[in-house]
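Step one of this worksheet: look at the structure below.
The values are calculated or read from the model by the stated rules, or taken from the named source; none is laboratory data. Everything quoted here is computed from the prediction, not taken from an experiment. We place every Cβ from the backbone using ideal geometry, glycine too, and count neighbours over all the protein chains shown.
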Amino acid sequence: MERSIGFKERRYIEELRIFTRATAVDCIVDERFDRVIYVIKPGDMGLAIGRKGENINRLSRQLGRRLEMVEYGETPEAFVANIIRPAELAALAPAADGADIVIRRRADLGVVIGRSGSTIEKVRLLCRRFFDLEVNDVLIAPGEPEGEEVAA
């Protein structure tokens with residue numbers, strides 16, 4: 001799929017390269033959640049984050065925005081698994097007009113959706129941009145463990 005990168009995104013990608021020596025495949029400025037989402041070349045995530053997160057924190061202060069980084073995956077399943085990590089993806093189930101995310105544990109549902117829906121929106125943005133795939137819903141795999149009970 002053809003992706004276009006604007007001037008602002010190119011500037012952010014170049015800043016990442018200068019600060020961290022990591023290569024970004026793409027960059028999205030998400031005004032709705034006031035963040036910059038970097039898609040990092042496989043294997044460069046450690047460089048991008050830095051020891052104890054110092055690179056990402058320094059770059060975030062420099063740009064004045066919250067940064068989120070996702071490692072690129074060659075298949076939609078690998079890419080979605082990287083985006084929703086640490087939640088465990090069971091499958092990317094085909095649906096009538098796109099795909100549904102199937103996770104292993106109910107306890108991971110909050111991680112996949114994110115605060116105010118920010119993580120699921122990131123999944124939708126990136127899947128649409130890289131694979132021309134619409135993500136519809138989040139489902140829990142049948143017969144899988146419910147997860148650990150949380151004491152209140």
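Does segment 121-134 include one or more residues that are in contact with a Cys (Cβ under 6 Å, 6 or more places away or on another chain) and closer than 20 Å to VAL39 by Cα? Can you show your working first?
Residues of segment 121-134 that are in contact with a Cys (Cβ under 6 Å, 6 or more places away or on another chain), as a first pass: 133.
The next check asks that each one be closer than 20 Å to VAL39 by Cα; those that pass are 133.
Yes, there is a match, as at least one residue in segment 121-134 is in contact with a Cys (Cβ under 6 Å, 6 or more places away or on another chain) and closer than 20 Å to VAL39 by Cα.
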Tally up the residues in segment 78-98 that are surrounded by fewer than 16 Cβ atoms within 10 Å (Cβ to Cβ) and either at pLDDT 95 or above or in a helix (DSSP H, G or I) (or both), please. 1
Any residue in segment 109-125 that is not assigned by TED's automatic domain parsing to the domain that holds GLU68 and assigned to a helix (DSSP H, G or I) sitting within a Cβ distance under 6 Å of a residue that is surrounded by 15 or more Cβ atoms within 10 Å (Cβ to Cβ) and small (Gly, Ala, Ser)? List the pairs, counting only those 6 or more apart or interchain. VAL111/ALA87; VAL112/ALA87
Residue under evaluation ILE101, criteria (1) buried (at least 20 other Cβ atoms within 10 Å of the Cβ); (2) within 27 Å of PHE19 (Cα to Cα), criterion not met: (2)
Answer yes if at least one residue in segment 134-149 is among the β-branched types (Val, Ile, Thr), surrounded by 15 or more Cβ atoms within 10 Å (Cβ to Cβ), closer than 29 Å to VAL25 by Cα and at pLDDT 90 or above, and no otherwise. yes
Residue under question is VAL36, and the condition is that it be under 16 Å from the mean Cα position of the chain (by Cα) and closer than 11 Å to LEU59 by Cβ; does it hold? yes
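Taking the condition surrounded by 15 or more Cβ atoms within 10 Å (Cβ to Cβ) and more than 17 Å from the chain's Cα centre (by Cα), does GLU9 pass?
Values: surrounded by 15 or more Cβ atoms within 10 Å (Cβ to Cβ): yes; more than 17 Å from the chain's Cα centre (by Cα): no.
It is false that GLU9 is surrounded by 15 or more Cβ atoms within 10 Å (Cβ to Cβ) and more than 17 Å from the chain's Cα centre (by Cα).
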